[in-house]
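*Asks:* Attaching a single structure in structure tokens format; questions to follow.
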Amino acid sequence: MFLGLALGLSFLSLAQAQETPSAPAPAPDCAAKAADKKLAGAALNSFMKKCERDAATTTCDAAALEKKLKGAAKKSFTKKCVTDATAKKPE
């Protein structure tokens, strides 16, 4: 009986990890920082990608903390959240 309960709770944690909050918007200050640094071309692309990913990671970590996720569930949730947040949207 306890094994079934433990497995049920584990499944519930994994199911929660699959839920993704609305993707955070890219950090508007990334563009401002890039403009201040006068970046262009490949340097601009690289900087924006890293800046937006860092901002998404911070936001997703906060969301995981709010959901009280820990361990593998937190890692899985954060990874998917960051991937969703930084994915290129179809134009």
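*Asks:* Scan the range 42-52 for residues that are surrounded by 17 or more Cβ atoms within 10 Å (Cβ to Cβ) and not aliphatic (A, V, I, L, M) and report the count.
*Replies:* Our first condition is that a residue be surrounded by 17 or more Cβ atoms within 10 Å (Cβ to Cβ); within the range 42-52, this holds for 48, 51-52.
Narrowing further to those that are not aliphatic (A, V, I, L, M): 51-52.
Residues flagged as surrounded by 17 or more Cβ atoms within 10 Å (Cβ to Cβ) and not aliphatic (A, V, I, L, M) within the range 42-52 amount to 2.
*Asks:* Within the range 26-41, identify whether any single residue is surrounded by 13 or more Cβ atoms within 10 Å (Cβ to Cβ), at pLDDT below 90 and part of a loop (DSSP other than H, G, I, E, B), and answer yes or no.
*Replies:* Within the range 26-41, one or more residues are surrounded by 13 or more Cβ atoms within 10 Å (Cβ to Cβ), at pLDDT below 90 and part of a loop (DSSP other than H, G, I, E, B).
*Asks:* Related question: Quick one: residue 3 ticks every box in (1) at pLDDT 90 or above; (2) assigned to a helix (DSSP H, G or I); (3) not small (Gly, Ala, Ser) bar one, so which box is it?
*Replies:* Just one mismatch for residue 3, condition (1).
*Asks:* Can you confirm whether residue 68 is on the phi > 0 side of the Ramachandran plot and at pLDDT 90 or above? Let's see the steps before the verdict.
*Replies:* Details: on the phi > 0 side of the Ramachandran plot: yes; at pLDDT 90 or above: yes.
When the stated conditions are applied, residue 68 passes them.
The values are calculated or read from the model by the stated rules, or taken from the named source; none is laboratory data. Since this is a predicted model, take the numbers as computed values, not measurements. With ideal geometry, Cβ positions are generated from the backbone for all residues, glycine too; neighbour counts draw on all protein chains shown.
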